[in-house]
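Please see the structure below; I have some questions.
What follows draws every value from the coordinates through simple rules; no lab data is involved. Since this is a predicted model, take the numbers as computed values, not measurements. Using ideal geometry, Cβ is built from the backbone for each residue, glycine included, and neighbour counts are taken over all protein chains shown.
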Amino acid sequence: MSPTSETGRGGQTGPAIPLATATPKAKMSKRQKAKLSRGIQYAILILIAVVIALVADWPTLIDSFGRVDIAVDMFPEVITGALKNTVIFTALGFVLGLAIALVVALMRLSSVGVYRWLATIYIEFFRGLPALVVFLVMGFGLPVAFPGFRLPQLVIIMIALGLVSSAYMAETIRAGIQAVPKGQVEAARSLGMSSSRAMITIVLPQAMRIILPPLTNELILLTKDSSLAYILGSSVDGRELAALGRAEIVNSANLTPFIVIAVCYLIITIPLSYLSRVLERKYGSAEPGAK
Amino acid sequence: MSSTATTSARETASPIIAIRNLKKSFGSNQVLTDINLDVDKGEVVCVIGPSGSGKSTMLRCINTLETPTGGSIVVDGMDMMDLDLDIDAARTRIGMVFQSFNLFAHLTVRENLTIAQTKVLGRSKAEANTVAEANLAKVGLSEKINAKPSSLSGGQQQRVAIARALSMDPDVMLFDEPTSALDPETVGDVLQVMRNLAEAGMTMVVVTHEMEFARQVADRVLFMDGGYVVESGPAREVIGNPQEQRTKDFLSRVLNPGQLG
């Protein structure tokens, strides 16, 4: 044997000796360690659940949040009235918001400097403003500032929700448009399309695939923001879920209505979350145009 | 060669592309210094030169994808720098093929070939379809008419892109390094399509690194470097017997890539 190969072997056996003495610890492979750590995490989780279950005062809890008779009393009005109104408010706000957002996004990408400024100011302003403030200004500020200015309740809610959602959606749409490769526009222009036709027939359809999942997310957020409509006050017919919940709590002197409306919000938002995931799987990860 | 026939045709007609004193700068970076080029009807001009020499910028100025800083460009009698010119209509007569294909990713091959025909030229769906099918057959991809671009190889995408440009019935075709982004085994198919097009009498300006293609197909070769046309002339002379030192250096680097210096 050559001397080099001998020293090579010696080098390998050297660290093997301390390894052998530490056998019990070192025997755990990476996978086993991960298994153990996961086991500990599960144990902690179960422990927390058990402690909560033992500590909680169940009879009181059920008495204040889980009165079946009160919950049953809310039906079917909570679905036919309040849930329906929440969906209508959200849908109207979303459509208006989407329309404003598209215009603002195109202004933001415009070659005209003034448009870009206006769009930036609009986005920064409404993105930074709490939705509550927008509702207060729309519902109470404007009628004071412009006496005689009186819009139907539904329109006020629609505009407020539209303004709140449009700033976020404008940024989403802008990012989607910018994610479409520049070469797509160049090809369209070199075929004789005007810049607006290239935007409508080539860029926006491709941007749509990119922005659909985040837009669905925005719809979920907006569903929850629609609860702010309650501060405007409303007739019994015009109540959405949050307003109905508050009224029922006062009526029944019990907190069960909260649970009912919470479930109602989830009835709307969970399918939307699912839709968002489906859309993301379909369009989000894949290259636009991929089958 | 057929040069005698094309020469006589060239003498009678005015050039279909006339570039005079073309200048282009991006900010303080002057990319094109002073370009002059006449291309006659049916002529194939290949533009060669090191990267950054302004070849692609010159090509993109012809259909004003890049706005020239100075000079004049006349294509088919249209002053491309005239602000009153309907630039969209003018561009329909100038086909362009890009290095990165730029097929519309959300549309099928058929829609890629028909969308500008129907929306820009106002052709009927049926007419646009007939034209699309004929051009797709020309590039040998009839069976891919309903495919999405993402399912095609690079070479196939580029041939579809050529068919898309041809579907507008352009008078001139511009090729911007059409084979540079392709796998070596698909380059040949694209070059063959371009060769057929040249033989059919299409006026072509081709920015390329394919010296063999330039030698065989081009009527004229332009060597550009540093924003100038350094040398131009018949393909065999510029590539086979270059006069300028810069052309010699470039060609020796391109033709013998293994050698240093």
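Considering the zone a paramagnetic label at B:Asp88 would reach in this model (a point 7 Å from Cα along the Cα-to-Cβ line), which residues of segment A:180-201 have amide N under 18 Å from it?
Within reach of a label on B:Asp88, which here means backbone N under 18 Å from a point 7 Å along Cα→Cβ, segment A:180-201 contributes A:184-201.
Report, in debye and to the nearest 20, how large the dipole of segment B:99-237 comes out about its Cα centre when Lys and Arg carry +1 and Asp and Glu carry -1 on their Cβ.
Rounded to the nearest 20 debye, it is 600 debye.
For the protein assembly as shown, what is the charge dipole size about the Cα centre, in debye to the nearest 20, if Lys and Arg each add +1 at the Cβ and Asp and Glu each add -1 at the Cβ?
Using only the charged Cβ atoms, the result is roughly 1720 debye.
Across 10 Å bins from 0, what is the distribution of all Cα-Cα pair distances for segment A:85-147, in whole percents?
19, 37, 35, 9, 0
Here is a follow-up. Would you please give the FRET efficiency between A:Lys30 and A:Arg277, computed as 1/(1 + (r/R0)^6) with r the Cβ-Cβ distance and R0 = 25 Å, to the nearest 0.05?
That gives a FRET efficiency of 0.20.
Hey, for a label at B:Arg215 modelled as a point 7 Å past Cα toward Cβ, could you say which residues of segment B:223-240 have their backbone N under 11 Å away?
B:236-237, B:239-240
Send over the per residue convex hull volume for chain A, Cα only, as a whole number of Å³.
Looking at chain A, the number lands at 289 Å³ per residue.
Same structure again: 7 Å from Cα along Cα→Cβ at both B:Glu185 and A:Ser252: what's the point-to-point distance in nm?
7.1
Another question, then. Just grab the label-to-label distance for A:Ser110 and A:Ile44, each label 7 Å out from Cα along the Cβ direction, in nm (one decimal).
About 5.4 nm, to one decimal.
In the neighborhood of A:Asn254, defined by Cβ-to-Cβ distances under 13 Å, what is the net charge if each Lys or Arg adds +1 and each Asp or Glu adds -1?
Around A:Asn254, the surrounding residues sum to -2.
If I fit a long axis through the Cα atoms of helix B:184-199 and take the longest principal axis of the Cα atoms of chain B, what angle between them do I get, 0 to 90°, rounded to 10?
Relative to chain B, helix B:184-199 is tipped by roughly 90 degrees.
May I pose another question? How far apart, in nm, are the 7 Å Cα→Cβ label points at A:Ser194 and A:Asp69?
That separation, rounded to one decimal, is 7.0 nm.
Calculate, for A:Ile52 and B:Ser150, the FRET efficiency according to 1/(1 + (r/R0)^6) with r their C-beta to C-beta distance and R0 41 Å; round to the nearest 0.05.
0.20
Counting only C-alpha contacts under 8 Å and six or more residues apart, can you give the relative contact order of chain B as a whole percent?
Worked out over chain B, it gives 24 percent.
Something else: Estimate the FRET efficiency between B:Asn196 and B:Asn21 by the formula 1/(1 + (r/R0)^6), using the beta-carbon distance for r and 30 Å for R0, to the nearest 0.05.
0.30
May I ask which residue of A:Thr256, A:Thr269, A:Tyr115 lies farthest towards the positive end of the charge dipole of chain A, with charges of +1 (Lys, Arg) and -1 (Asp, Glu) on Cβ and the Cα centre as origin?
So the residue we want is A:Tyr115.
Rounded to the nearest 10 degrees, what's the angle between the helix B:3-12 long axis and the longest principal axis of chain B, both from Cα atoms, 0 to 90?
90
Just going by the charge dipole of the protein assembly as shown, with Lys and Arg at +1 and Asp and Glu at -1 on Cβ, which of B:Ser252, A:Ile44, A:Ser165 is farthest out on the positive end?
Farthest towards the positive end: A:Ile44.
State the Kirkwood hydrodynamic radius of chain B in Å, one decimal place, computed from all pairs of distinct Cα atoms.
19.0
Out of residues 5 or more away from B:Val31 or on other chains, whose amide H comes under 5 Å of its own, with H placed 1.01 Å from N in the peptide plane?
B:Lys24, B:Ser25, B:Phe26
Could you pull the Cα extents of segment B:165-261 along its three principal axes, largest to smallest, in whole Å?
Principal extents (largest minus smallest coordinate, Cα): 44, 28, 23 Å.
Something else about it: Hey, which of these cross-link pairs are over 22 Å Cα-Cα: A:Lys84/A:Lys224; B:Lys24/B:Lys248; A:Lys182/B:Lys24; B:Lys125/B:Lys148?
Over 22 Å Cα-Cα: B:Lys24/B:Lys248.
By how many degrees, 0 to 90 and rounded to 10, does the Cα axis of helix A:113-128 deviate from the longest principal axis of chain A?
80
Taking just the C-alpha trace of the protein assembly as shown, give me its Rg and Dmax in Å.
34.2, 105
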